[in-house]
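The values are calculated or read from the model by the stated rules, or taken from the named source; none is laboratory data. Predicted model only: the values in this text are computed from it and were never measured. Here the Cβ is made from the backbone with ideal geometry for all residues, glycine too, and neighbour counts use every protein chain on show. The area values use the complete protein model at the heavy-atom level, side chains included, leaving out ligands, DNA and RNA. Shrake-Rupley method; radii C 1.70, N 1.55, O 1.52, S 1.80 Å.
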Amino acid sequence: MTVATSPTQLLRTQEIPHLSYTATRDRFDDTWEAPLATLLGLGRAAGADLVEFFLEHNHFISCLAEDDAITSLSPRLVTGAGVRVFRGKGDCYVSTNDLSFTGLKVALEKGLAILGLSLPGPHAHIPEINLELMRDYAAANQKEGWLQRCSSMQEMGDVLLAANGVLARQASHIQARRATYFRDWQEVLVAASDGTFARDIRLTQSVGFNLLCADGDHRSSISQRQGDSSDPNFLRQWDYETTANGIAESAGKMLYADYVESGNYPIIMANQFGGVIFHEACGHLLETTQIERGTTPFIDKKGEKIAHESLTAWDEGRSPQEFGTLDMDDEGMPTQRTLLIENGVLKNFLSDRAGALRTGHPRTGSGRRQNYTYAAASRMRNTYIAPGDYSLEELFASVDKGIYCKKMGGGSVGPTGQFNFAVDEAYLIENGQITKPLKGATLIGEAKEIMQKISMCSQDLGLAPGFCGSISGSIYVTVGQPHLKVDSITVGGR
Amino acid sequence: MPTVQDIATYAETSARKLGIGKYDLYGASVDETSVQVDKGEPKQVKASQRSSVIVRVWNDQGRLGVTTTTDVDPKGLELALQTAQEASAFGAKEHIPDFSPEATAAIADKDVGLIPPVEVPELLETLVTAEQALLNAHPAIASVPYNGLAQRSLERFYLNSAGARRQENRSYASIYLYSKTEQEGRKPRSAGSIRLHRGLQKLDVQACIKEAQEKTISHLDYRPIPSGQYRVVFSAEAFLSLLDAFSNLFNAQSILDRRSLSTPDSLGTQIASPLLTVYDDALHAENISAETFDGEGTPTRRVAIITAGKLSNFLHSAGTAKRLGAQPTGHASIGAKVSVSPSFYHVVAAESAPEPLSLDTADNVVWIDELQALHAGVNALQGAFSLPFDGWLVNQGKRVSIESATVAGDIRSVLQSILYIEPEPEITPGGVCPRVWVDVLSITGEA
């Protein structure tokens with residue numbers, strides 16, 4: 001954006017229609033300071049307690065290879081902005097595709113009007129909003145060239161076809177095979193009337209396989225996904241040979257598996273994506289959005305023991321390259337490492353701006369949103385259970401008859417803390433040994449109860465990428481844990 | 001947002017400039033407002049005016065490229081066309097989508113009854129009143145943690161370089177109320193309800209309150225259920241959600257991708273009890289979200305999917321119809337790879353069951369009101385499901401809420417073992433369907 005004049009600190013409202021802010025379409029830089037400071041001042045002059053703008057450019061592309069052909073290559077170009085206006089403990093959020101000064105002003109006026117506010121008369125002074133010197137995480141961390149250094153369309157196709165070719169050689173009884181890739185490049189700018197002014201570029205990529213095998217009525221389907229949040233070379237470095245070998249082996253084992261017999265079992269959950277159990281069963285319940293709604297059993301438990309003493313858990317946005325890693329959240333706050341549970345004791349909640357306002361829990365750099373159409377909400381980033389002292393052998397040796405949940409599917413938690421999730425790859429454990437594959441298992445339980453039953457954690461922490469859907473849309477997260485033992489859980493099956 | 005004519009002009013000008021001879025566009029513009037409340041106070045109000053357009057470009061070799069953009073002014077559309085043109089060099093070489101042969105055919109003359117939006121204070125007042133009514137309904141109802149009232153105006157269009165031009169406007173309003181109970185020594189329970197209509201003025205808010213209230217109260221006196229095999233009655237919503245989760249059974253694109261429980265040869269086979277007939281009917285009178293054309297411009301219509309238990313038609317895009325020697329059915333979503341999806345189900349009993357069944361006289365029947373977590377508990381490629389549910393154990397008309405439990409089975413067995421389809425249809429946002437009785441399914445509650 002080029003600005004005709006430097007920001008006038010004591011602008012009168014009557015002068016606003018005559019300002020000539022000319023927006024560039026391509027980049028958020030510090031030339032946005034003047035128009036945004038003006039708009040923020042306008043919002044404050046109207047009586048808002050706090051105003052926040054979130055601006056976004058997004059270049060997304062996905063590529064799909066089915067069998068030996070590229071069947072979809074889909075770019076998406078998105079430009080949008082959202083303005084959030086706070087008044088008291090209430091707020092409203094207005095989004096638009098129009099990033100011109102006029103477009104943003106219209107969105108602001110709409111937000112103000114919703115809260116019963118209106119712009120001051122023509123002779124009113126607009127208070128000065130002193131935005132901080134732009135915190136530019138993109139420039140500071142050499143992200144400007146990321147998009148250009150990513151794989152080209154040609155390379156996407158070549159890699160996925162080569163990967164699918166390897167999968168064809170590794171697996172048997174193949175009915176359908178898919179290799180998928182997406183690259184999500186996002187430039188964001190946050191400016192708020194408390195002085196926040198920050199910019200970042202995010203690069204999120206994911207690649208994976210989906211394999212369906214069939215033999216008569218026997219079927220198995222296995223998916224495997226890897227993700228990254230900062231490496232333009234990610235796709236080039238994908239080890240699809242090893243990945244293909246792993247899912248071919250899993251699909252083969254599950255093809256003729258028996259259905260699990262329903263009941264209560266001790267289970268051992270594998271590391272990496274096994275962490276979805278903690279994400280669903282506990283992580284969501286530590287978000288301040290759940291406190292606001294009164295839908296978490298942990299609402300007044302800070303400082304109290306809510307889990308087995310063997311359990312320590314973190315949520316953080318700092319691990320290099322992990323799927324949920326961010327330099328700043330979508331409210332412009334630097335992300336941090338947040339200790340959630342230490343030796344079973346609840347230490348912290350995850351809080352965004354509105355959560356802090358309404359619940360009193362301090363912000364943790366956890367305000368996240370899918371895109372400009374959503375207001376930020378308290379959401380997880382990289383969430384995992386810390387490693388423990390046990391060996392994997394000790395975990396298995398402690399189970400006479402139980403289930404080894406090697407690969408988890410998706411899951412969810414309801415408004416009363418009841419959770420469930422599917423197991424994509426499971427095995428029966430008898431006398432400490434894996435004896436046969438099982439399919440069709442769903443784990444169900446209550447968050448409060450399951451947290452007390454995670455009794456053994458091994459030393460092999462592993463992380464995995466995932467997608468989390470909630471009030472502010474679908475976001476990239478990491479789940480993780482070491483192998484762990486749950487003393488008893490209900491398993492739904494046939 | 002520019003008018004459809006503006007967009008057509010921008011596209012034509014840019015296409016000419018870029019040397020693009022064949023293209024089409026599908027777009028939509030949405031203006032919506034939604035409110036949430038918390039204990040009588042506004043919690044969050046959201047408003048949005050957004051638009052997006054997807055452009056498809058065919059290059060000189062006939063290969064297809066697409067791009068989606070939210071920037072619908074001349075410069076944004078030109079960039080989108082240019083990007084799509086670039087992408088077309090890497091487009092599929094086989095089974096390339098083409099214009100629908102029905103993109104210029106007449107569409108249904110459907111009276112959509114547009115209703116103008118109301119102001120935010122009226123939305124808030126309506127929702128606050130509804131929340132209060134629920135809180136007053138029973139001392140155990142402690143909160144309505146999930147609630148929302150929304151109104152939306154939608155304009156959508158399709159056009160192509162061969163002269164097709166379609167456009168339609170819609171308006172909707174929706175309310176959902178999900179209440180939660182708290183009682184000393186008892187686990188919290190929750191239940192909810194949703195209603196949809198073309199505008200707030202016609203939205204049946206009272207019915208939504210009443211249903212949420214009755215369901216929530218009915219779950220207060222819950223008990224665990226022993227694990228075992230039970231006869232099951234699905235509510236309309238539960239049955240339709242299960243059917244939809246396995247819609248690959250009749251989705252032509254899934255079938256051609258070999259990611260379906262059916263094959264092209266499945267047409268005419270008996271996949272369900274002879275009692276079951278299912279239509280997909282985008283134009284059904286109860287479909288508030290009715291659309292008269294799909295993403296390729298094909299007119300929508302009523303399609304028989306299952307007729308007396310036999311698979312009678314697949315849902316098609318223009319491309320799948322061509323490959324399978326059928327007619328497009330108006331179920332396409334535009335894209336580099338066109339996807340197919342159902343619109344609005346209409347389930348009816350194909351013939352009378354030998355003996356009507358009734359919850360008033362049946363013993364030990366599980367009545368499943370709502371299935372949960374379908375995204376996690378359904379394996380659509382295998383036919384298997386294992387899902388938590390809200391429901392009741394019914395004996396001689398007396399129903400007792402079931403504490404957390406799951407139902408598991410295989411969709412093919414479920415369809416084949418339908419015992420009875422009640423005569424009285426229920427209307428849901430996803431379709432119209434009576435309660436459906438299924439012989440036996442596994443329920444996991446107390447081990």
Give just the number: which of (1) in contact with a Lys or Arg (Cβ under 9 Å, 6 or more places away or on another chain); (2) facing chain A (nearest Cβ under 7 Å); (3) of a type in the set (Val, Ile, Thr); (4) surrounded by fewer than 24 Cβ atoms within 10 Å (Cβ to Cβ) does residue B:66 not satisfy? (4)
For the range B:290-318, enumerate the residues that are under 28 Å from residue B:113 (Cα atoms), surrounded by fewer than 24 Cβ atoms within 10 Å (Cβ to Cβ) and in contact with a Pro (Cβ under 8 Å, 6 or more places away or on another chain). B:292
Selection count, the range B:238-289, where residues are under 30 Å from residue B:104 (Cβ atoms), open to solvent by 10 Å² or more (accessible area, probe 1.4 Å) and part of a helix (DSSP H, G or I): 5
Looking at the range A:442-494 only, could you name the residues that are of a type in the set (Phe, Trp, Tyr) and within 11 Å of chain B (Cβ to nearest Cβ)? A:467
Kindly provide the set of residues from the range A:125-144 that are at pLDDT 95 or above, surrounded by 13 or more Cβ atoms within 10 Å (Cβ to Cβ) and not in a loop (DSSP other than H, G, I, E, B), ordered by number. A:135, A:136, A:137, A:138, A:139
What number of residues in the range A:415-456 are of a type outside the set (A, V, I, L, M), in a strand (DSSP E or B) and either under 26 Å from residue A:253 (Cα atoms) or not assigned by the TED database to the domain that holds residue A:296 (or both)? 12
Check on residue A:206, part of a loop (DSSP other than H, G, I, E, B), touching a residue at least 12 places away in the same chain (Cβ under 8 Å) and buried (at least 19 other Cβ atoms within 10 Å of the Cβ): no
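So which of A:344, A:367 is at positive phi and open to solvent by less than 20 Å² (accessible area, probe 1.4 Å)? Break it down into steps so the answer makes sense when it comes.
Working: A:367 fails: at positive phi.
Criteria check complete, one pass: A:344.
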Identify all residues within the range B:74-85 that are touching a strand residue (DSSP E or B) at 6+ places or on another chain (Cβ under 6 Å) and open to solvent by less than 40 Å² (accessible area, probe 1.4 Å); write none if there are none. B:76, B:80, B:81, B:83, B:84
Can you name every residue in the range A:149-171 that is under 17 Å from residue A:184 (Cα atoms), away from chain B (no Cβ under 14 Å) and charged (D, E, K, R)? A:149
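Is the range B:184-203 home to any residue that is out of contact with any strand residue (DSSP E or B) (no Cβ under 9 Å at 6 or more places or on another chain), farther than 30 Å from residue B:21 by Cβ and either assigned by TED's automatic domain parsing to the domain that holds residue B:294 or without any contact (Cβ under 8 Å) to a residue 12 or more places away in the chain (or both)? It would help to see each step written out before you state the result.
Filtering the range B:184-203 down to residues out of contact with any strand residue (DSSP E or B) (no Cβ under 9 Å at 6 or more places or on another chain) leaves B:184-185.
So of that shortlist, the ones also farther than 30 Å from residue B:21 by Cβ come out as B:184-185.
When the remaining residues are screened for being either assigned by TED's automatic domain parsing to the domain that holds residue B:294 or without any contact (Cβ under 8 Å) to a residue 12 or more places away in the chain (or both), the result is B:184-185.
The answer is yes; a qualifying residue exists.
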Testing residue B:189 on (1) within 30 Å of residue B:45 (Cα to Cα); (2) modelled with pLDDT of 95 or more, one condition comes back false. Which one is that? (2)
Considering (1) within 13 Å of chain A (Cβ to nearest Cβ); (2) in a strand (DSSP E or B); (3) crowded, with 20+ Cβ neighbours inside 10 Å, say which one residue B:175 fails and leave the rest. (1)
List pairs: first in the range A:245-268 and without any contact (Cβ under 8 Å) to a residue 40 or more places away in the chain and closer than 15 Å to residue A:209 by Cα, second open to solvent by 30 Å² or more (accessible area, probe 1.4 Å) and in a strand (DSSP E or B), Cβ under 6 Å, 6+ apart or cross-chain? none
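Say whether the condition of being touching an Asp or Glu at 6+ places or on another chain (Cβ under 8 Å) and either closer than 25 Å to residue A:425 by Cβ or not in a loop (DSSP other than H, G, I, E, B) (or both) is met by at least one residue in the range A:145-160. Outline the logic, then answer.
Initial filter on the range A:145-160 (touching an Asp or Glu at 6+ places or on another chain (Cβ under 8 Å)): A:153.
Cutting the leftovers down to either closer than 25 Å to residue A:425 by Cβ or not in a loop (DSSP other than H, G, I, E, B) (or both) gives us A:153.
Among the residues of the range A:145-160, at least one is touching an Asp or Glu at 6+ places or on another chain (Cβ under 8 Å) and either closer than 25 Å to residue A:425 by Cβ or not in a loop (DSSP other than H, G, I, E, B) (or both), which makes the answer yes.
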Here are the criteria: (1) open to solvent by 20 Å² or more (accessible area, probe 1.4 Å); (2) closer than 30 Å to residue A:158 by Cα. Tell me which single one residue A:238 does not satisfy. (1)
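Could you pull out the residue among A:257, A:214 that is at the interface with chain B (Cβ under 10 Å from one of its Cβ atoms) and more than 30 Å from residue A:346 (Cα to Cα)? Reasoning before the result, please.
Numbers: A:257 fails: at the interface with chain B (Cβ under 10 Å from one of its Cβ atoms).
Exactly one residue qualifies, and that residue is A:214.
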Any idea which of B:159, B:81 is modelled with pLDDT of 95 or more, more than 30 Å from residue B:390 (Cα to Cα), outside any strand (DSSP E or B) and among the aliphatic types (A, V, I, L, M)? B:81
Filtered residues of the range B:52-62 (kept if at the interface with chain A (Cβ under 10 Å from one of its Cβ atoms) and surrounded by fewer than 22 Cβ atoms within 10 Å (Cβ to Cβ)): B:52
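Kindly indicate whether any position in the range B:86-93 is under 27 Å from residue A:70 (Cα atoms), open to solvent by less than 50 Å² (accessible area, probe 1.4 Å) and at pLDDT 95 or above.
From the range B:86-93, those under 27 Å from residue A:70 (Cα atoms) are B:86-93; that's our starting set.
Those left that are additionally open to solvent by less than 50 Å² (accessible area, probe 1.4 Å): B:87-88, B:91-92.
Remaining after also requiring at pLDDT 95 or above: B:87-88.
Yes, that holds for at least one residue.
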Residue A:460 versus (1) at pLDDT 95 or above; (2) part of a strand (DSSP E or B); (3) surrounded by fewer than 20 Cβ atoms within 10 Å (Cβ to Cβ): which is the lone unmet condition? (2)
Determine whether the range A:280-301 contains at least one residue that is crowded, with 23+ Cβ neighbours inside 10 Å and small (Gly, Ala, Ser). yes
Restricting to the range A:389-427, count the residues that are open to solvent by 20 Å² or more (accessible area, probe 1.4 Å) and away from chain B (no Cβ under 12 Å). 14
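Every residue in the range B:94-104 that is open to solvent by 50 Å² or more (accessible area, probe 1.4 Å) and within 14 Å of chain A (Cβ to nearest Cβ), please.
B:94, B:95, B:96
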Do we find that residue A:190 is outside any loop (DSSP other than H, G, I, E, B), open to solvent by less than 10 Å² (accessible area, probe 1.4 Å), closer than 27 Å to residue A:380 by Cβ and assigned by the TED database to the domain that holds residue A:154 in this structure? no
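Go through the range B:105-133 residue by residue and tally those that are more than 30 Å from residue A:71 (Cβ to Cβ) and more than 14 Å from chain A (Cβ to nearest Cβ). Steps first, please.
Going through the range B:105-133, the residues more than 30 Å from residue A:71 (Cβ to Cβ) turn out to be B:106, B:108-133.
This time we only want the ones that are more than 14 Å from chain A (Cβ to nearest Cβ), so: B:106, B:108-116, B:126, B:129-130, B:132-133.
Within the range B:105-133, residues that are more than 30 Å from residue A:71 (Cβ to Cβ) and more than 14 Å from chain A (Cβ to nearest Cβ) number 15.
Residue-wise test of (1) modelled with pLDDT under 95; (2) assigned to a loop (DSSP other than H, G, I, E, B); (3) not assigned by the TED database to the domain that holds residue A:426.
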residue	(1), (2), (3)
A:211	no, no, yes
A:227	no, no, yes
A:232	no, yes, yes
A:242	no, no, yes
A:248	no, no, yes
A:268	no, no, no
A:280	yes, no, no
Quick one: in the range B:21-46, of everything that is facing chain A (nearest Cβ under 7 Å) and surrounded by 22 or more Cβ atoms within 10 Å (Cβ to Cβ), which residue is modelled with the lowest pLDDT? B:42
